[in-house]
Structure formats: structure tokens, C-alpha cells
Amino acid sequence: MKYPESFLKLVEDFKKFPGIGKKTAERLALFTISTLDKEQVSSFSEHLNEAKENITHCPICGTLMEHHCPICEDPNRDKNTIMVVSDDKDVFVLERTPIYHGLYHVLGGAIDFSRGIGPEDLNIESLFQRLNDVDEIILSLAGTVEGELTAQYLKELLKHKGIKVSRIAYGIPVGADLSFADDHTLELALNNRQKYE
Ligand SMILES: [Zn+2]
């Protein structure tokens with residue numbers, strides 16, 4: 001006997017999420033049907049729609065935002081410094097510590113030729129449209145091969161712009177990303193950033 005049609009559709013939906021295989025998708029679908037009540041399911045579907053409707057990427061810095069960007073629109077932030085990060089989540093990790101007051105730029109990934117991701121697939125052009133009042137660019141990219149490649153690529157492009165380029169000093173193992181660092185490590189990494197040449 002096969003699963004009911006609607007159940008199979010749900011399994012297919014869950015399978016679209018990263019790291020979710022067929023078995024986990026079936027378990028999640030079964031949980032949704034058997035354990036959650038109607039109200040919980042309907043509020044889940046409302047939240048999904050609401051999030052998809054209201055959350056976008058800031059057209060300037062690329063951070064996830066709801067209605068307006070709390071960073072770009074904050075008059076108290078230092079507009080002369082931009083920290084370049086790979087992913088949205090890095091911004092939220094860095095914002096945990098009160099130490100950084102500049103702006104951000106989210107690349108939306110890192111250069112990875114093995115997966116067909118080149119510079120043109122990242123938000124690099126939009127970074128170069130924001131450099132007018134900028135004194136320093138802090139590259140806060142992971143110590144992975146992809147992070148290194150991306151940092152070097154940006155450094156080359158920024159070389160003749162008269163802007164200081166620094167690289168955050170990771171006190172965390174090569175290959176790890178920012179989210180593995182505790183607040184103290186993040187603070188140290190930021191304070192000990194090195195001029196990148
Ligand atoms: Zn923004």
C-alpha cells in the first residue's frame with residue numbers, strides 16, 4: 001500500500017530542505033499529520049507565508065530585513081567602515097557583540113569554482129557602488145579555500161581604490177566559520193584584524 005497522495009506531497013516539500021533526506025522527510029510529514037493539531041499546522045503555514053512575504057534582502061547591504069534595514073538606516077553606525085561577510089547569518093553572529101559599529105556587505109556565498117560559483121554570482125558589484133565615503137573594508141571571510149579565494153579576489157579589486165583593506169584575525173580553526181566563535185573570540189578577532197596585503 002502506498003502513502004496517501006497528500007502525504008506524499010508533504011514529504012516532497014520537506015525533502016527540499018537542506019540536509020533532509022527521504023526518511024527524515026517522512027518522519028516530519030508524519031509528525032505534522034499525527035502530532036500537530038489543526039491550529040498548529042495553520043499557524044505554521046501562516047508563519048511561512050508571512051516570513052516569505054515580509055523578509056527580503058536589504059538592497060544596499062544584502063542583509064536579511066523585515067520592512068527596513070536596521071543597520072543601513074541606523075544613523076549611529078559608522079558609515080566609513082564596511083565589513084564584508086559571506087552569509088546573512090554572519091551578520092547576526094557579529095551583531096551579538098557590541099563591538100562593531102560599522103556597516104556590512106553580504107556577498108551571498110564565496111567563490112567556489114568546483115561548484116560553479118564565480119565572482120559574478122556574488123554581490124560584488126553592489127559593494128563597489130558603496131565605496132564613496134568608505135575608509136576601511138574589513139574582510140570577514142572564513143579561513144576555508146573558498147573564503148581565501150574570495151578575500152584575495154576582493155583585495156585585488158580594491159587595491160587601487162585608496163581604501164584600507166583588513167582581514168579579521170580568526171582565533172578559530174581554519175575551515176570553521178564565524179558561528180563557531182564565542183563572543184570573546186569574535187571580539188579578539190575584530191580587535192586584532194590585520195592590514196591585508
Ligand atoms: Zn542594509
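The values are calculated or read from the model by the stated rules, or taken from the named source; none is laboratory data. What you see is a predicted model, and the numbers here were worked out from it, not measured in a lab. Heads up, the Cβs are rebuilt from the backbone with ideal geometry, glycines too, and the neighbour counts pull from every protein chain shown. Side chains included, ligands, DNA and RNA excluded: accessible areas come from the protein's heavy atoms. Shrake-Rupley method; radii C 1.70, N 1.55, O 1.52, S 1.80 Å.
Summary table
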quantity: Table column - 3J(HN,Hα) (Hz), region 117-127, Karplus curve with 6.51, -1.76, 1.60, x for Gly and Pro; calculated: 9, x, x, 5, 8, 10, 7, 8, 4, 5, 5
quantity: Glu73 versus Arg130: modelled label distance in nm, points set 7 Å from Cα along the beta carbon direction; calculated: 1.6 nm
quantity: Listed residues Leu122, Leu107, Leu28, most fluctuating in the chain (Gaussian network, C-alpha, under 10 Å); calculated: Leu28
quantity: Probe 1.4 Å - accessible area at Lys16, Å² to nearest ten; calculated: 150 Å²
quantity: Heavy-atom SASA rank of Phe128, Phe92 (probe 1.4 Å, accessible area, largest first); calculated: Phe92, Phe128
quantity: Share of carbon and sulfur in the accessible heavy-atom surface of the chain [1.4 Å probe, %]; calculated: 54 percent
quantity: Distance between modelled label sites at Glu46 and Lys89, nm, 7 Å Cα→Cβ extension; calculated: 2.8 nm
quantity: With Cα atoms, 0 to 90° folded angle of helix 5-15 axis to the chain main axis; calculated: 20 degrees
quantity: Accessible surface, the chain, averaged per residue in Å² (probe 1.4 Å); calculated: 63 Å²
quantity: Cross-link pairs Lys9/Lys52; Lys23/Lys89; Lys16/Lys195 - those with Cα-Cα distance over 30 Å; calculated: Lys16/Lys195
quantity: Alpha carbon convex hull of region 64-195, projected area averaged over orientations, nm²; calculated: 8.0 nm²
